[in-house]
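See below for the structure under consideration.
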Amino acid sequence: MSAINAVHVSDRDSCVTVTVPVAAGDTVSYHCGDGSVASVKAGADIPIYHKIAVIAIGKDDFVYKYGEKIGIAKDNINPGDYVHIHNIKPVGFVEEA
Amino acid sequence: MKFMGYKRPDGKVGIRNHVVVMAGVVCSDIAARRITEAVKGTTYLYNSYGCGQGIHDNNRSLKILTGMLANPNVHSVLIVGLGCEGIQEQGYLKAMQEKAPHKKVHYIMMQREGGLAKTVAKGIELASELMNEASKCVREECDLADLMLGLECGGSDPTSGISANVVLGEVSDRIVDAGGTTVISETSEAIGGEHAMRARGATPEIGQAIFDAIKEKDRYYRDVAGQDIRDSNPSPGNIRSGLSTLEEKSLGCINKSGTRPFTGCFAYGDMVNVKGPVFMETGAYDPVSTVAEVAGGCQTVVFTTGMGNPMGCAIAPVIKITGNRQTYEALTDILDFDTSANLRGEKTVPQVADDLMALILDVCNGRPTKAELNGADVMVIDQYFMGP
């Protein structure tokens, strides 16, 4: 088992936060809600505390962290991709009561 | 858990014992400052307003300033006015009578005393008397139920939402369970988390009021300020550190209010008069929000930061905590506590919360925070140029 180097807050989340600097090709490992460990191979360099996708996210789909919507994908995002402002945008104002 | 505080005649508890000298308007600031410099141990409270404002902003200034002076950390007050300004002597004294009727408040006026030297001489005499009286106060054993803790964050980074705010949320739950109060504010930094906030209302009405306040702020930026707040928040520093959207920042931010049901939704600078975790509507600018929490009655504020922030408040200790070990090690002279052990798996969140609780109690007992040691004392009041 590789060392835990990322935080996965909710099993609904599509990305995790890395707790060390990650280089392309490194394995990113995190605890799931049931205590098991999952991993994804980094497709790019990820700065410390930035996000990496752990599942495929389609263009225009919501991106989840904290089990909630944190943004919308601007492009197709693959597992292992770096997730930041280059490929996600805010959810935006939603008028509702 | 107990701490040693100053029991005030109205039943509230202070953790500091400040004799405050404040200019009633910025014009008389020089007199207030000279008095503070002359009487060792007094606390200078800066006021950049007091005149020349519309009625709504004028009332907001009066509300925040008298909220600060009414805070139980303040033993007594000397206000130094000019004479012709918008907020008059009676305005201050009436508000203080309503908010803290037992507190001694002196008011002197430069245009009545006869210039600077005479005002300063009179002020020195009054402030010295207040210092003598304050020196007789002794700390007594108090309960956590007497504590009102402000929950603030600024210069957030991705560690805030997974370490510092999570630990502070655990602390908030413990204080609430002990009968105390916690106050979360910064309305726009709950945008994206309004559903979660609404779901935590102790009643449907409280939850809806919090939800509506957040939505209203979102609309205000779009319709009145003329921009989507998401264009300017997260800040450049937030983005460099790894936060991608306002929604991501907010969802991390609201973690610091813990999990207990919200028992109130208060307007900017309202005196908080319920127990439990409450929401206060404020601007997102950290000093504005921190000052509002103190004006609402918080004796201390825990301020979580990812990138670091030196700000403090003249009358209330601000405790700086971070979940970013690199930041903690680089900025030791402005930060009080490192929560990052949970990220390395060295400690659980409840274990880090134990350590933070111990620090908060030490600060309540008199241990100075870094911001206090540094003399950091920002004082900012939000101005809207429009109605409430």
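The values are calculated or read from the model by the stated rules, or taken from the named source; none is laboratory data. Keep in mind that this is a model prediction, so the values were computed, not measured. Please note: Cβ atoms are built from the backbone with ideal geometry, for glycine as well, and neighbour counts cover all protein chains shown.
The table for this structure:
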read-out: Residue within the stretch B:347-363 that is assigned to a helix (DSSP H, G or I), within 14 Å of chain A (Cβ to nearest Cβ) and closer than 18 Å to B:Gly154 by Cβ present; value: no
read-out: Positions within the stretch A:18-55 being assigned to a loop (DSSP other than H, G, I, E, B) and of a type in the set (Phe, Trp, Tyr), in sequence order; value: A:Tyr49
read-out: Among residues of the stretch A:1-27, those that are over 16 Å from B:Ser160 (Cα atoms) and at the interface with another protein chain (Cβ under 9 Å from one of its Cβ atoms), counted; value: 1
read-out: Helices (runs of 4 or more DSSP H) (entirely within the stretch B:166-277) containing at least 1 residues that are under 30 Å from B:Arg325 (Cβ atoms), touching a residue at least 12 places away in the same chain (Cβ under 8 Å) and more than 12 Å from every other protein chain (Cβ to nearest Cβ); value: B:236-241
read-out: Residues satisfying the stated conditions in the stretch B:302-340, i.e. assigned to a strand (DSSP E or B) and more than 26 Å from B:Thr36 (Cα to Cα); value: B:Val302, B:Phe303, B:Thr304, B:Lys320, B:Ile321, B:Thr322, B:Phe337, B:Asp338
read-out: Residue within the stretch B:172-185 that is under 28 Å from A:Ile46 (Cβ atoms) and either outside the structural domain of B:Leu343 (by TED's automatic domain parsing) or not polar (S, T, N, Q) (or both) present; value: no
read-out: Single condition A:Phe93 does not satisfy, out of (1) within 14 Å of another protein chain (Cβ to nearest Cβ); (2) out of contact with any helix residue (DSSP H, G or I) (no Cβ under 6 Å at 6 or more places or on another chain); value: (2)
read-out: Check on B:Gly306, within 14 Å of another protein chain (Cβ to nearest Cβ) and buried (at least 23 other Cβ atoms within 10 Å of the Cβ); value: yes
read-out: Matching option when the condition is under 20 Å from B:Glu248 (Cβ atoms) and small (Gly, Ala, Ser), among B:Ala190, B:Ala225, B:Ala213; value: B:Ala190
read-out: B:Ile239 vs. criteria in contact with a His (Cβ under 9 Å, 6 or more places away or on another chain), surrounded by fewer than 24 Cβ atoms within 10 Å (Cβ to Cβ) and within 24 Å of A:Lys69 (Cβ to Cβ); value: yes
read-out: Subset tally (residues that are more than 9 Å from chain B (Cβ to nearest Cβ), part of a loop (DSSP other than H, G, I, E, B) and closer than 28 Å to B:Ala199 by Cα) for the stretch A:56-82; value: 2
read-out: Strands (runs of 3 or more DSSP E) wholly inside the stretch B:15-130 containing at least 3 residues that are touching a residue at least 40 places away in the same chain (Cβ under 8 Å) and of a type in the set (Val, Ile, Thr); value: B:18-23, B:74-81
read-out: Pairs where the first residue, in the stretch B:333-355, is surrounded by fewer than 22 Cβ atoms within 10 Å (Cβ to Cβ) and the second is in a helix (DSSP H, G or I) and among the acidic types (Asp, Glu), C-beta under 7 Å, 6+ apart; value: B:Val349/B:Glu170; B:Pro350/B:Glu170
read-out: Residue that is more than 25 Å from B:Thr322 (Cα to Cα) and of a type in the set (Ser, Thr, Tyr), where the choices are A:Thr19, A:Thr27; value: A:Thr27
